[in-house]
Amino acid sequence: GRAGVPATVTTPAGAFSATFPVCAIYNARADGAARVSVLARATGHAGGSASVIVTDDDVVALDLAFTSRTVTEGAANAAAIGTVTRSIVSPTPLVVVLSSAVPSALGVPATVTIPANRASAQFAVRAPDDLLALGTRAVALTAKATGPSGVVLEAGAASATLTVNDDGGGRLGVWAPR
């Protein structure tokens, strides 16, 4: 369970309602916020229910590391290998959403999954040749965890900047008549 309530609540004589505590149950897992329904019933009375949102206080912090922080455009399929690591290892896989500030200069897969009971997963970083002479560029990469429902979580996100060296662009030829 995600929330706890007393097993019984007594409504005082002449009252139409009673107040009782709803407590979040600590589970040491980063499993996101959850809607919890509280049901009430009593013999001879209509039942009732209400929902509350239990906010998770266990935030997965991500970290990004790379085999190289500098790559050259046009490098082989994997210009570098990235590793995303989670701070809390759990028995469930974690889908991490990856993004590049300039996908045409530095490409990463849309997602990578950290397997259950593992701290990290690796992915390939691509640096395609754009055939343009744009010079050296700094490109930010971001990793964000997803919650159990697939919602992308901002808390605990990681980012890193890689340097993309230009390979000189296309070739320029000059022809002059004799």
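The values are calculated or read from the model by the stated rules, or taken from the named source; none is laboratory data. Computed from a predicted model, the values in this text were never measured in an experiment. Counting neighbours? That spans all protein chains shown, and the Cβs are built from the backbone with ideal geometry, glycine included. Please note that ligands, DNA and RNA were not included when accessible areas were found on the heavy atoms of the full protein model with its side chains. Shrake-Rupley method; radii C 1.70, N 1.55, O 1.52, S 1.80 Å.
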Right, Val59: closer than 30 Å to Pro103 by Cβ and β-branched (Val, Ile, Thr) or not?
yes
Those residues of region 1-57 which are more than 30 Å from Ser149 (Cβ to Cβ), exposed (fewer than 10 other Cβ atoms within 10 Å of the Cβ) and of a type outside the set (S, T, N, Q), in sequence order:
Pro12, Ala13, Gly14, Ala15, Phe16, Gly44, His45, Ala46
Check off (1) open to solvent by 70 Å² or more (accessible area, probe 1.4 Å); (2) touching a Ser or Thr at 6+ places or on another chain (Cβ under 7 Å); (3) at pLDDT below 95 for Leu131 and give me the number that stays unchecked.
(2)
Would you say Val108 is surrounded by 15 or more Cβ atoms within 10 Å (Cβ to Cβ), at pLDDT 95 or above and farther than 29 Å from Ser37 by Cβ?
yes
Taking region 90-101, which residues are open to solvent by 50 Å² or more (accessible area, probe 1.4 Å) and at pLDDT 90 or above?
Pro93, Val95, Ser99, Ala101
If the Cβ limit is 6 Å and pairs must be 6+ apart or interchain, which residue in region 125-154 that is in contact (Cβ under 8 Å) with a residue 24 or more places away in the chain and among the aliphatic types (A, V, I, L, M) pairs with which residue that is open to solvent by 60 Å² or more (accessible area, probe 1.4 Å) and part of a loop (DSSP other than H, G, I, E, B)?
Val139/Ala101; Ala140/Ala101; Ala145/Leu153
Looking at (1) more than 21 Å from Pro128 (Cβ to Cβ); (2) in contact (Cβ under 8 Å) with a residue 40 or more places away in the chain; (3) touching a Lys or Arg at 6+ places or on another chain (Cβ under 9 Å), find the lone condition where Ala79 falls short.
(1)
